[in-house]
Every structure is written in structure tokens, then in C-alpha cells.
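Throughout, read-outs are computed from the coordinates displayed, never taken from laboratory work. Predicted model, so just to flag it, every value in this text is computed and none were measured. So basically every Cβ, Gly included, is an ideal-geometry build from the backbone, and we count neighbours across all protein chains shown.
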Amino acid sequence: MPDYLKTIENLSKSASLHKGNLKSFTREVLINSSKDLQCDRCNVWLFEQDQTKLVSLLSYTSSDNLFINESPLNIEQLPNYFKFLRKNELIVSDNASMEAMNTELLDGYIIPNNITSMIDVPLRSEAKMIGVICFEHVKKSHSWSNDEKKFTQSMSQLLSLALETNKKRKYRIELEKIISQKEILIGEINHRVKNNMAVIVSLLNLQKNKTKDSFHSDLMEEIKSKVYSMSMIQEQLHASGNVDRIHVEIYLRKLIQNLNDSYGQGKNVVFDIEMDRVIIDVSTAIPCGLIANEILTNSFKYAFNDLNKDPKLVIRLKKVGSTAELTFSDNGSGFDLDSTKIGMGLELIKSLSEQIDASISFKVEDGVTIKLLVPID
């Protein structure tokens, strides 16, 4: 007596089933079914989209140990048989050649293959019939028992599961392909944006060299620093291979170095920097970078003047839950928060903070401290 439960258990643990390797698992099902049911032929058919054609997934003949693909079955040739199939029920034929439902199959399938009895079991996916698995005895009569019927239905369920797993695997592979193509495209865009910004910085340098007074020269330098702060984000995206996220601490250190090179000559600013590892997406990084650039530029230009003999800049970056806390403190003379002449720089900082839903606070005491709380993932 075949151990049906043992076969079902073994097949349910198959690596091919869980990996979505459909052809390999179908082979396992057909071989084990043929062995346990002692039937010579087992085969699997799948409907095309409109259910007018059955295409052979795989057919197994145990006497020859042979796997083949049968010729397709069309509704035009077998309208009555397709009608029975669409009832989505188990079709049992103890005497295959005498069943009315099999009349159309006699000359082209049953007689040439010496089929004497057969069971056709629906394959279902998402409550829809997608095909059929057939178990066929040849050259000897056979009456299908209840245990055999239940076993064939279990094989159908396992194979249906394999079909669904294979479908999900194909979707996953296609999705991974799309994501890969998207990342390559975005990476190329970041590269081009980085190069374009480098050209803009070079053009601003040329224009700066043509200015005839310090006002316009400083103006060009400010514009250049803002463009450069954005270009560094693109540079990090391109260099890291990460198309949409950057490390804030790496970015800030480069920004500080660049601004010190531009504005800190001869000022001997002391830096006190402590930063956690924080990653943010590019849509947040660009406004955040412009805010940092504006705050640091103001410190270099106004806090570290000739009256400040020991200029110092303290920068802290902490990750607290889903928030990045970014603090800038300088030891300059500060400014009047209640003044109506706040300046474009402070207005820009507030406007950019609103864009990324960040809260910002100012404290003027022994210098200026600005704290930015940025929501992060």
C-alpha cells in the first residue's frame, strides 16, 4: 500500500517548490504520482489566457522514464471536453473510452496512448482554474479509490502552489530588473547633474574674477557656495552608488572644509565636531545642505570678524529616534532676533526648514546657537 501522506509530506518540503522552480518540481510530482498510483502516464496542462487552449507543461511516461511536451489541445477540436473542464471539478473516468466526456479525445489521444482509465484534476490559482493535471492508466482497467482521488487532489494543490510561487518569482525577478534599471538611470542622472554643477561653479569662478568690486565678488562667492553645497550631494550619490540617500556626517565635513577654504583664510577657526552616522534621502538632503551652508557662511562672515580673537565653531549631529538633531554654535557677537531687519539669510533658513518639515530654534547667548530638528526615516 503506497504511503500517500509520506509522499505529500516529502513533496511539501521540496526545495524546488519553495524556490519556485516549476519544471523541476513538476518532474518530482509526476514521478512520485506515477509510482504511488502505479499509473504509466502523468501529465500537466495549462490554459492560455482565454481558456481556449491547453498547453502541455510536461508529460511523463514511467515505462520509458520519458518526459515530453504533448501537442496543444484546442477548444475548436474539443468543445465538449473543454465544457466539462470549465466546470472546475474532478473528472473521473474508470473506463476512459466509454465516458461521454471523452468522446472527442478517443482518436487523437486515448486510443493512440492505450489509455484505459484516467483522472483529470483542476489546477487552481487565486480561485481561478488555470489548468489540469492528469493521471492515466494504460492497457489495464482500473477503478479509482477514494484514497487515490484525495491523493491526486493533493498533488494538484501542491502543483498549484508551485505555479503561484513560480509566478511570484518571475514578478520578483522582473521587479529587481526594473529597480536595477531605475538605479542605473538615476545614477547616470546624478552623474550628469554633478558634472553640470561643476561647470556652473567654474562659470561662477570666471564671473567672480571679472568683478570690479568686493560686493559683486562676495555675491558670486555666496552663489557659488550654494551651488557647491548641492553639487556635493550629487557627488556623494554618484561616488557611493546609492542613488537616493546620503550620509549627512560625510557631507557636512566636506561642506565645512570647503567653506573654511573659501571664508576662513587667516581666521584660524577652531572646530569642535561630533556627529553620529545619519542617512537621509536626497529630497531632504538638498534643503538641509542649503540650510547648513547658509548657517556656516553667516558664522564665517559675521561671527568670525576681526574683533573675534579666538573664533570657534561647534557642530553636533545626533540621531534621536526618527529625528536628526543638527546644532551649530559660534562664539560671535550674535544678532537681535527681534529686529525687523532679520536678513535674507535667516528668511532662507526658515523657508527651507518648512520645506522638509523641520523645526528650527535660535539662541543668542555668548554667540549664536541654531538647532535644526529634521524628520528622518
Cα-centred dipole magnitude for segment 194-303, charges only on beta-carbon of K, R (+1) and D, E (-1), debye, nearest 20: 380 debye
For an R0 of 51 angstrom, estimate the FRET efficiency from the Cβ-Cβ distance between H18 and H216 and round to the nearest 0.05. 0.15
How tilted is helix 282-298 with respect to the longest principal axis of the chain? Cα atoms for both, answer in degrees (0 to 90, nearest 10). 10 degrees
Amide H within-cut-off set for M129, under 5 Å, with H built and near neighbours excluded: none
Please list, in order along segment 349-356, the HN-Hα scalar couplings obtained from phi with the Karplus expression 6.51 cos²θ - 1.76 cosθ + 1.60 (θ = phi - 60°), rounded to whole Hz, x for Gly and Pro. 4, 5, 5, 5, 4, 5, 4, 10
Once each part is reduced to its C-alpha centroid, what is the distance from segment 141-182 to segment 41-78 in angstrom? 16 Å
Nearest 10, in degrees from 0 to 90: the angle of helix 214-240 to the longest Cα principal axis of the chain is 30 degrees
Mean shadow of segment 244-377, computed from the convex hull of its alpha carbons, in nm²? 7.9 nm²
Calculate one ³J(HN,Hα) per residue across segment 139-156 by plugging θ = phi - 60° into the Karplus curve 6.51 cos²θ - 1.76 cosθ + 1.60, and present them in order as whole Hz with x for glycine and proline. 6, 8, 6, 8, 10, 6, 7, 5, 4, 5, 4, 5, 5, 5, 5, 5, 5, 5
Per DSSP, the loop-located GluC sites (Glu not before Pro) within segment 21-87 having at most 10 other beta carbons within 10 Å are E76
Which ordering of E365, E235, E347, E222 is given by a fewest-first count of other beta-carbon atoms within 10 Å? E365, E347, E222, E235
For the chain, with only Lys/Arg (+1) and Asp/Glu (-1) charged at the beta-carbon, what is the dipole magnitude about the Cα centre, in debye rounded to 20? 460 debye
When you count, for each residue, the other Cβ atoms within 10 Å and take the mean per peptide, how do 106-112, 79-85, 367-373 rank with the highest first? 367-373, 79-85, 106-112
Starting at the first residue of segment 79-84, write each ³J(HN,Hα) from the Karplus equation 6.51 cos²θ - 1.76 cosθ + 1.60 with θ = phi - 60°, in whole Hz, x for Gly and Pro. x, 5, 5, 5, 5, 5
Projecting the Cα atoms of Q181, S299, N331 onto the charge dipole of the chain, where Lys and Arg contribute +1 and Asp and Glu -1 at Cβ, the residue farthest towards the positive end is Q181
Quick check: pseudo-label points 7 Å beyond the Cα along Cα→Cβ at K319 and Q181, how many nm apart are they? 3.3 nm
Say each of K371 and V270 gets a label point 7 Å from the Cα, pointing the same way as Cα to Cβ; how far apart are those two points in nm? 2.4 nm
Taking Cα atoms, the helix 248-263 axis meets the longest principal axis of the chain at an angle in degrees (rounded to 10) of 30 degrees
Dividing the mean separation of Cα pairs under 8 Å (6+ apart) by the residue count of the chain yields a relative contact order in percent of 10 percent
Can you tell me how much longer the chain between S361 and E89 gets when fully stretched, taken as 0.36 nm per residue apart minus their C-alpha distance, in nm with one decimal? 90.9 nm
